[in-house]
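Note sheet for the following structure.
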Amino acid sequence: MPVLRPDERGPVHSAKQEITETIKFLVWLHETYHRTAATCTQPDIDEWLATGPTTRTAIRTFFVVAKRTLLNTSVAVQHRAARTSPSLTQDQRMAWTRELLNGGSESLPYRVAGILLLLYAQPLVKAVTLEMSFVDGKPAGMRITLGQRPTRSMRRTVYSDLGSTFS
């Protein structure tokens with residue numbers, strides 16, 4: 001299997017999920033109602049979507065293509081808009097940032113992953129793959145090498161960017 005570039009992982013994962021969910025749906029449709037994609041009805045779609053996780057909406061692409069190719073023009077899967085809400089308030093985010101920068105209660109890897117999440121919106125699944133050899137935690141300031149050269153000290157950057165917040 002070829003190695004994927006980081007910018008390819010999301011689309012490939014999405015395509016795999018669409019294929020997997022479509023197969024699950026078609027198997028369920030056949031086993032439950034002895035129907036195919038061509039004979040599928042809107043109530044079949046509605047039942048499938050209502051009785052499972054939101055990942056089931058990944059069958060939408062299949063039915064968009066089914067409509068375009070005239071395989072089945074009578075069903076529709078609506079586009080699902082993700083419902084998001086901030087997990088942390090800005091005050092909570094600042095408190096966690098202060099703790100991770102100044103506190104000593106957690107290990108360096110934990111603190112680095114937390115800072116990447118809070119300040120740079122890096123998902124934890126990406127932050128935890130960062131090798132600790134890329135992190136240089138000296139008393140003069142922490143440096144993280146993400147490319148050819150290390151970034152500026154996170155502590156100095158945060159303090160200068162946020163002014164007297166941490167004074």
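Where a number appears in this text, it was derived from the coordinates with a stated rule and is not lab data. The structure presented is a predicted model; accordingly, all values stated were derived computationally and were not measured. Please note: Cβ atoms are built from the backbone with ideal geometry, for glycine as well, and neighbour counts cover all protein chains shown.
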Inset, instruction - Compute the FRET efficiency between Thr73 and Tyr120 as 1/(1 + (r/R0)^6), taking r as their Cβ-Cβ distance and R0 = 45 Å, and round to the nearest 0.05. - result: 0.50
Legend entry - Where trypsin sites (Lys or Arg not before Pro) fall in DSSP loop in the range 11-87, at most 14 other Cβ within 10 Å: Arg35, Arg80, Arg83
Legend entry - Label-point separation, Ser14 to Val64 (7 Å along Cα→Cβ), nm: 0.9 nm
Inset, instruction - Quick one: what are the phi-derived ³J(HN,Hα) couplings along the range 30-36, Karplus 6.51/-1.76/1.60 with θ = phi - 60°, whole Hz, x for glycine and proline? - result: 5, 5, 8, 10, 6, 10, 10
